[in-house]
Amino acid sequence: MKIAFITDLHIAAEGETPQGVDVRANFLKTLDFVRTMKPACLVLGGDLCYDTGNRAVYQWLREQLLDLPCAWFVIPGNHDDSVMMAEEFSLTHHLHGTELYFASPLEGYPAIFLDSSKAQFSPAQWQWLGDELKAIHHNVLIFCHYPVLPASSEFMDTKYPFRQTEQWLELTSSLPCQMHVVSGHYHTDTVALRGNTSVLVTPSTYIQLDPGTPGISLIKTPPAVREINVTPNGVTSRVHYV
Ligand SMILES: [Fe+2]
């Protein structure tokens, strides 16, 4: 099973080009590449909006996804509004208070979609996640905007990290399953491994952040898409710049 993951689209208002980047054109180019990949599904990993949740942006995105010949999923990032997203993508049945999270097996493979838009999970989301994971005696794919582990990116690890890494380790360390977490947020391509958690951090379709500097330093690259392959031999992944 092949999965395409794109993240940190940061779609601005029509006609706006943040940092000189045509974010809408980048997204459309990435979507064309996704079509050629012929994945089983596409996951949009959050920060769909440039700055804050924007109904018109969600509506535009949904229109672009209408004729995609595969299933697609969305999770919120810190620049999204989870409730607005749920409303615009017809996902209100997955709203829990103001959080949008759900489980949806992909061709029978366990997959969990989390709401880390506040850089942490509510007690209710932790409880739900724990119950889901305890029932899985298999590897599991978890889609979560924030990398749940530090990821050797000085600026993001210091300024904008996931705030509950210790709680993640407490919950997962005794579980029998291997958790493959697919994330964005850091605008870079890296991997973090600890215990039974691996985190595949995925670059943005907008712009990347230099992981080696304490301050914010932007790097322009072509838009990125992560390919994930789940096979009987295990999970493999690579990033394409399109
Ligand atoms: Fe983010």
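Between residues in segment 32-48 that are over 11 Å from Cys144 (Cα atoms) and within 16 Å of the ligand (Cβ to nearest atom) and residues that are of a type in the set (D, E, K, R) and part of a loop (DSSP other than H, G, I, E, B), which pairs lie under 7 Å by C-beta distance while being six or more apart or on different chains?
Taking only residues 6 or more apart or on different chains, the pairs are Asp47/Asp8; Asp47/Asp80; Leu48/Asp80.
What pairs can you find where one residue is in segment 154-168 and without any contact (Cβ under 8 Å) to a residue 24 or more places away in the chain, the other is surrounded by 14 or more Cβ atoms within 10 Å (Cβ to Cβ), and their Cβ atoms are less than 8 Å apart, with a gap of 6+ or different chains?
Asp157/Pro150; Asp157/Ala151; Thr165/Val148; Thr165/Leu149; Thr165/Pro150
With the structure loaded, tell me whether Ala111 is away from the ligand (no atom under 16 Å from the Cβ), hydrophobic (A, V, I, L, M, F, W, C) and free of Cβ contacts under 8 Å to residues at least 24 places away in the same chain or whether it fails that test.
Against the criterion (away from the ligand (no atom under 16 Å from the Cβ), hydrophobic (A, V, I, L, M, F, W, C) and free of Cβ contacts under 8 Å to residues at least 24 places away in the same chain), Ala111 does not qualify.
Show me the strands (runs of 3 or more DSSP E) found entirely inside segment 146-219 where at least 2 residues are under 28 Å from Ala135 (Cα atoms) and more than 16 Å from the chain's Cα centre (by Cα).
190-194
Looking at segment 118-126, is at least one residue within 16 Å of the ligand (Cβ to nearest atom) and surrounded by 17 or more Cβ atoms within 10 Å (Cβ to Cβ)?
yes
Given the conditions (1) without any contact (Cβ under 8 Å) to a residue 60 or more places away in the chain; (2) closer than 20 Å to Ala224 by Cα; (3) surrounded by fewer than 17 Cβ atoms within 10 Å (Cβ to Cβ); (4) within 15 Å of the ligand (Cβ to nearest atom), and given that Thr52 satisfies all but one, which numbered condition is not satisfied?
Only one criterion in (1) without any contact (Cβ under 8 Å) to a residue 60 or more places away in the chain; (2) closer than 20 Å to Ala224 by Cα; (3) surrounded by fewer than 17 Cβ atoms within 10 Å (Cβ to Cβ); (4) within 15 Å of the ligand (Cβ to nearest atom) is unmet by Thr52, namely (2).
Being surrounded by 15 or more Cβ atoms within 10 Å (Cβ to Cβ) and either among the aromatic types (Phe, Trp, Tyr) or in contact with a strand residue (DSSP E or B) (Cβ under 9 Å, 6 or more places away or on another chain) (or both) is the filter here, so list the residues in segment 69-83 that pass it.
Across segment 69-83, the qualifying residues are Cys70, Trp72, Phe73, Val74, Ile75, Pro76, Gly77, His79, Asp80, Asp81, Ser82, Val83.
Say we look at segment 1-25 and pick out the residues that are of a type outside the set (A, V, I, L, M, F, W, C), within 16 Å of the ligand (Cβ to nearest atom) and on the phi < 0 side of the Ramachandran plot; which of these is surrounded by the most Cβ atoms within 10 Å (Cβ to Cβ)?
Residue satisfying both the conditions and the ranking: Thr7.
Looking at (1) within 17 Å of Val182 (Cβ to Cβ); (2) within 16 Å of the ligand (Cβ to nearest atom); (3) of a type in the set (Asp, Glu), can you tell me which one Glu132 breaks?
For Glu132, the exception is condition (2).
Yes or no: Asp81 within 15 Å of the ligand (Cβ to nearest atom), in contact (Cβ under 8 Å) with a residue 40 or more places away in the chain and closer than 17 Å to Gly53 by Cα?
No: the conditions fail for Asp81.
How many of the residues making up segment 65-108 are in contact with a Cys (Cβ under 7 Å, 6 or more places away or on another chain) and of a type in the set (Asp, Glu)?
1
Since every read-out is calculated from the coordinates, none of them should be taken as a lab result. Source: prediction; values computed, not measured. As a convention, Cβ positions derive from the backbone with ideal geometry for all residues, glycine included, and neighbour counts pool all protein chains shown.
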